[in-house]
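The values are calculated or read from the model by the stated rules, or taken from the named source; none is laboratory data. Computed from a predicted structure; not experimentally measured. Cβ coordinates were reconstructed from backbone atoms using ideal geometry, including for glycine residues, and neighbour counts include every protein chain displayed. Quick note on the areas: whole protein, heavy atoms, side chains included, nothing else; ligands and nucleic acids left out. Shrake-Rupley method; radii C 1.70, N 1.55, O 1.52, S 1.80 Å.
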Amino acid sequence: MAKGRGKKDTQLTTAGRDPEHNFGIVNPPVYHASTIVHPTVAALEEANLKPFEGVKYGLRGTPTTFALEDAVTALEGGYRSVAVCSGLAAVTAPLLAFLKAGDHLLVSDNIYYPTRKFCDGHLARFGVETTYFDPMIGAGISGLIRDNTRVVFLESPGSLTFEVQDVPAIAAAAREAGAVSIIDNTWAAGYYFQPLKHGADVSFQAVTKYIGGHSDLIMGMITTTEESFLPVKRECSDLGLHAAPDDCFLALRGLRSMAARLARHQETGLTLARWLEGRPEVDRVLHPALPSCPGHDLWQRDFSGASGLFSIILKDASKAAVAAMLDGMEMFAMGYSWGGYESLIIPADPSAIRTATSWEAKGPLLRLHAGLEDPEDLINDLERGLKRLTAG
Ligand SMILES: *Cc1c(COP(=O)(O)O)cnc(C)c1O
């Protein structure tokens, strides 16, 4: 399968494709499979020797899966990738791959909530202790690493509060201590940030978000260095995690237009963020590309752009006022997940889920996803919403 040629945007259109060996057809075919048959006992035994090379069993992927994995590997700049059935499976499988009873785990305090739930629930139940740390800790992470610390888990920027982390410093400290660094790279979609090039061992993303891009698909992709590939692939195989071929087809289709979509998400996101920054109802805008966001300088140093997801903190406002604003939105819909073509807005309370740091904000937080609509329609919708917020 083609590794991809040229610069980043060209790779997104070339990686994982092989028309020469497929009747000249542009896209890889969708292979459905469980059983893979072998002509002889010798061939069967040979296949068992290398369970993670080539087409061996439907659970471990077909050429459709491998096409998508190769394309995302090129995007993330890794060794190999593993497609799994959800973004959440891409969180849990690498943790389970590297941790065992008695180990210690360090997790950033701005983490996606289901990740925290998995650490505090499942991992605790199996004897793994988790310590949460300030997302802005940087090289100071060394002070928290213990003899039995095996994994440092990051998310940059955090998908609710948007702190950008010093990934190179944290990954280097982890490596020096013999721990593995794993990072949730969903916000940057593997496109605006390549954590493996900054020292991380494992980078994953919810394909559900920008690669899928159309709010109709659930999938995760884990990309690794050469050393971390086998443990991750083995774990996904042991757990029976599997990305379905039709979903891989949808993800490949999404991937081909992702650069163009992300450019628009970025532009509209910044337009909205800057407009909101100037509004009297807004106390603060948390957008990595704006100086008011913690870690903005790190974003400038390590990232090549911004996706369409950011938050604002309102000045003090009652729950009823926020509901009046959000209930009447005409362009922005309310709902979890993001990365599709449509704009979204949700209220959230980070103070309820933090443990290592306290969340000091004047008012309620709203998280916005800038979709592909005309930005003027979105601004008008927000303007009417902010009027409802202060009307009561
Ligand atoms: C959505 C999301 C996930 C989980 O993805 P699902 O496909 O919904 O399971 C993980 N991390 C982040 C940051 C996400 O936004």
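Tabulated values for the structure
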| read-out | value |
| --- | --- |
| Selection status of ARG284, farther than 15 Å from LYS362 by Cα and either in a loop (DSSP other than H, G, I, E, B) or not aromatic (Phe, Trp, Tyr) (or both) | no |
| Residue that is farthest from GLU53 (Cα to Cα), among those in region 222-254 that are in a helix (DSSP H, G or I) and touching a Gly at 6+ places or on another chain (Cβ under 8 Å) | GLY254 |
| Positions within region 139-187 being open to solvent by 10 Å² or more (accessible area, probe 1.4 Å), more than 16 Å from the ligand (Cβ to nearest atom) and closer than 15 Å to THR357 by Cα, in sequence order | GLY140, LEU144 |
| Residue list for region 248-271, filter: surrounded by fewer than 23 Cβ atoms within 10 Å (Cβ to Cβ) and either under 16 Å from GLU376 (Cα atoms) or in contact with an Asp or Glu (Cβ under 8 Å, 6 or more places away or on another chain) (or both) | LEU250, ALA259, ARG264, GLN266, GLU267, THR268, LEU270, THR271 |
| Residue list for region 298-318, restricted to those being open to solvent by 10 Å² or more (accessible area, probe 1.4 Å) and in contact (Cβ under 8 Å) with a residue 24 or more places away in the chain | LEU298, TRP299, ASP302, PHE303, SER304, LYS315, ASP316, ALA317, SER318 |
| Matching residues, region 106-131, being under 19 Å from ALA172 (Cα atoms) and more than 16 Å from the ligand (Cβ to nearest atom) | LEU106, THR131 |
| Selected residue (only one of VAL84, VAL55 is within 16 Å of the ligand (Cβ to nearest atom) and either within 14 Å of CYS248 (Cβ to Cβ) or at pLDDT 95 or above (or both)) | VAL84 |
| Every residue from region 41-99 that is outside any helix (DSSP H, G or I), open to solvent by 40 Å² or more (accessible area, probe 1.4 Å) and under 21 Å from ALA200 (Cβ atoms) | TYR79, ARG80 |
| Qualifying residue in region 206-221 (condition: over 23 Å from LEU12 (Cβ atoms), more than 15 Å from the chain's Cα centre (by Cα) and outside any helix (DSSP H, G or I)) | no |
| PHE98 within 16 Å of the ligand (Cβ to nearest atom), aromatic (Phe, Trp, Tyr) and within 17 Å of ALA179 (Cα to Cα) | no |
| Residue among ALA47, ALA42, ALA33 that is of a type outside the set (Lys, Arg) and within 18 Å of PHE249 (Cα to Cα) | ALA33 |
| Matching residues in region 197-240 - criterion: being over 17 Å from ALA93 (Cβ atoms) and more than 16 Å from the ligand (Cβ to nearest atom) | LYS197, HIS198, GLY199, GLU226 |
